[in-house]
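Since every read-out is calculated from the coordinates, none of them should be taken as a lab result. Owing to the predicted nature of the structure, the values given are computational and were not obtained by experimental measurement. Glycine also receives a Cβ, built like all others from the backbone with ideal geometry; neighbour counts cover every protein chain displayed.
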Amino acid sequence: MVLPCLDEAAALPWVLERVPDGWRAIVVDNGSTDGSAEIAARLGALVVTEPRRGFGAACHAGLSAATAEIVCFCDCDASLDPALLRGMVDTVGGGAADLVLGRRRPTRAGAWPVHARVGNTVVARMLRRRAGIRLHDIGPMRAARRSALLSLGLTDRRSGYPLETVVRAADAGWRIVEVDVPYRPRSGRSKVTGTWRGTWTAVRDMTAVLRRPPAAGAGGGAA
Ligand SMILES: Nc1nc2c(ncn2[C@@H]2O[C@H](COP(=O)(O)OP(=O)(O)OP(=O)(O)O)[C@@H](O)[C@H]2O)c(=O)[nH]1
Ligand SMILES: [Mg+2]
């Protein structure tokens, strides 16, 4: 399980405790200053240090370091329960889907800022027009086969990474399934959609992804 982490000392114990038994937690850090890397290592995670900043850079470094047949991703801020990934991984393992995505369902008001939710709906609509797939959310929680994910040739290294995953997977004809996941208020300070700067960067990165032409050779069957 790949866990991008930037200054999540407060959330790490809860998150790592909920990683299913027998799975390897890969915490990807790039420049935390609150001791996150040391805490993660002490709690038994494999800590990968990625020199390049960015959410996508962290996710991709984790994917590159992973060795399991099926790889999944989860935020490290305690907003999402890593234990939910067991069912998502089983769905991929059982062959029912090539990519399983968690659709965030806020557990209470304030878990998901309004601007983030609106932005997400707009992106989902643009995605439907661009790639012809119907999704409700482009969230951070997802599971797929490692070799298939690597074959997508993802290039985004910032906040466009989850969206690029979905766009390329759709272009390649993957079967994509959405499952509901409770979305809780995060622990600690927000880095992306909880701030105006983070939101702006996310919108820019995502619209750039949607403008990119389909990758050459896309449209075939599932990888
Ligand atoms: N390694 C690394 N992790 C990051 C970076 N930016 C964000 N993260 C992590 O990615 C996850 C998502 O970031 P958040 O700050 O929670 O972004 P968000 O979910 O859009 O915003 P919130 O609604 O505030 O939770 C968290 O686990 C962060 O610690 C980064 O540049 N590098
Ligand atoms: Mg978050």
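Computed quantities for the displayed model
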| quantity | calculated |
| --- | --- |
| Pairwise FRET efficiency - Ala10 versus Arg86, Cβ, R0 = 25 Å, nearest 0.05 | 0.55 |
| Highest to lowest packing among 3-16, 103-116, 197-210, scored as the average C-beta count within 10 Å | 3-16, 197-210, 103-116 |
| Helix runs (DSSP H) in the chain reaching 27 Å along axis by Cα, Kyte-Doolittle at least 1.0 | none |
| Förster radius 35 Å - calculated FRET efficiency between Asp21 and Arg211 (Cβ-Cβ, nearest 0.05) | 0.25 |
| Around Ala66: net Lys/Arg minus Asp/Glu count, Cβ-Cβ under 10 Å | +1 |
| Cα-projected label distance for Ser151 with Trp196, points at 7 Å along beta-carbon direction, nm | 4.5 |
